[in-house]
């Protein structure tokens, strides 16, 4: 009697994984997701801003550095201010105002040649384009139940990176028609996101719907939360290391005799891996405690950047990028979900703002600290320090993990969105994931 070999229904498995990944999330989330993808795919100005300032406006390298620093300063202010505004006035007004102001700012910047106005408008662009981030994250937290938040933030992160992978290629084609085209089309996609929010995305702030989100609070309440602030400090350390791929890494690759095109190809691997592994990897990681997952993120980032010490060829650099990209993907999905679950309903915007502030501040600190270390102490010291800082965050997550898990358990019991009544029949795919 012969036994027929079992065949694996790979298409069925992929279809099942797809349904599990996308089912159960509310329609408002998917409108935000579509808007994010369109907006990021049309983010043409930032990747080419330095080229525009030097080639088109003939500004000096030092002034270009000042302009880009002004963008970073605007981003830092936006992180805290945007979170406060989202809690005070609602998520929807902040999202709409930010997108409309950014669209107008892009048009004005594309028509301006005066260097002082350029400096002011780029600083304003950093402010307006980043003010929406805390509101976006707070709205996602409002509308997505705790059990599905890792999945939701993972899908959003995937859309952001897919959009950023598309944008440079499209921008390169549009740039042949002149830089003004980049500004106008970028403004158009930003405006399209605003229209989408206006037509399809309702307000989600808990107070608007009469939920018991707790007494109104302030930024002082956020700064008194030691459990949350300890997490933010660890995130800042992680981000300072991670940002070295934009500053110190290209400098070392240049010193090793590699061309800018080779750096671009190596970094392109980062984007490709993010698009390929983000969703399946984060779905698998949800079964583990967040503190251990975040610790694993630090391990991969530490190993990847630490190994840069010995890299000298494109293949070797690509290997290090592949390792720290895994750590990036893990942290990018789990981190925002931890913040979402740690934040009281009345303070979600401010919590997300402080979380975003840690990244914005790291974006300013990383090139200064990394550049000084590389120039005066050498690459080996820099990448060794990156490994040390990353492994310190690993220890930190494991040490403060129990206190954070206890806080998460307490807040889950009080979260007004923790239990969402099913509106569909039992067993429906649409209803899956609505209750944690």
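The values are calculated or read from the model by the stated rules, or taken from the named source; none is laboratory data. Bear in mind the structure is a predicted one, so any value in this text is a computation, not a measurement. Neighbour counts run over all protein chains shown; Cβ positions are idealised from the backbone, glycine included.
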* Give the range 22-75 a look and list any residue that's outside any helix (DSSP H, G or I) and either free of Cβ contacts under 8 Å to residues at least 24 places away in the same chain or within 23 Å of residue 188 (Cβ to Cβ) (or both), or say none. => 42, 43, 44, 57, 58, 60
* **Meets criteria (at pLDDT 95 or above and out of contact with any helix residue (DSSP H, G or I) (no Cβ under 6 Å at 6 or more places or on another chain)) for residue 208** => no
* Asked: How about the range 143-259: which helices (runs of 4 or more DSSP H) wholly inside it have at least 1 residues that are within 19 Å of the chain's Cα centre (by Cα)?
  -> 149-174, 179-200, 226-242
* To do: Taking residue 70 as meeting all but one of (1) out of contact with any helix residue (DSSP H, G or I) (no Cβ under 6 Å at 6 or more places or on another chain); (2) farther than 23 Å from residue 219 by Cβ, write down the number of the exception.
  => (1)
* **Of all residues in the range 106-119 being touching a residue at least 60 places away in the same chain (Cβ under 8 Å) and part of a helix (DSSP H, G or I), the one that is farthest from residue 200 (Cα to Cα)** => 118
* From the list 242, 288, pick out the single residue that is surrounded by fewer than 17 Cβ atoms within 10 Å (Cβ to Cβ) and closer than 26 Å to residue 227 by Cα. => 288
* From 260, 250, grab the single residue that is surrounded by 15 or more Cβ atoms within 10 Å (Cβ to Cβ), without any contact (Cβ under 8 Å) to a residue 40 or more places away in the chain and not assigned by TED's automatic domain parsing to the domain that holds residue 160. => 250
* **Answer from 57, 73 - the residue that is more than 24 Å from residue 131 (Cα to Cα) and either buried (at least 16 other Cβ atoms within 10 Å of the Cβ) or at pLDDT 85 or above (or both)** => 57
* Asked: Only one of 309, 325 is touching a helix residue (DSSP H, G or I) at 6+ places or on another chain (Cβ under 6 Å) and surrounded by fewer than 19 Cβ atoms within 10 Å (Cβ to Cβ); which?
  -> 309
* Asked: Restricting to the range 274-290, what's the tally of residues that are without any contact (Cβ under 8 Å) to a residue 12 or more places away in the chain, part of a loop (DSSP other than H, G, I, E, B) and over 18 Å from residue 394 (Cβ atoms)?
  -> 1
* To do: Given the conditions (1) surrounded by fewer than 21 Cβ atoms within 10 Å (Cβ to Cβ); (2) closer than 24 Å to residue 285 by Cβ, report the number of the one that residue 138 does not fulfil.
  => (1)
* Criterion (without any contact (Cβ under 8 Å) to a residue 24 or more places away in the chain and within 20 Å of residue 292 (Cα to Cα)) met by exactly one of 394, 329, 338, 399 -> 399
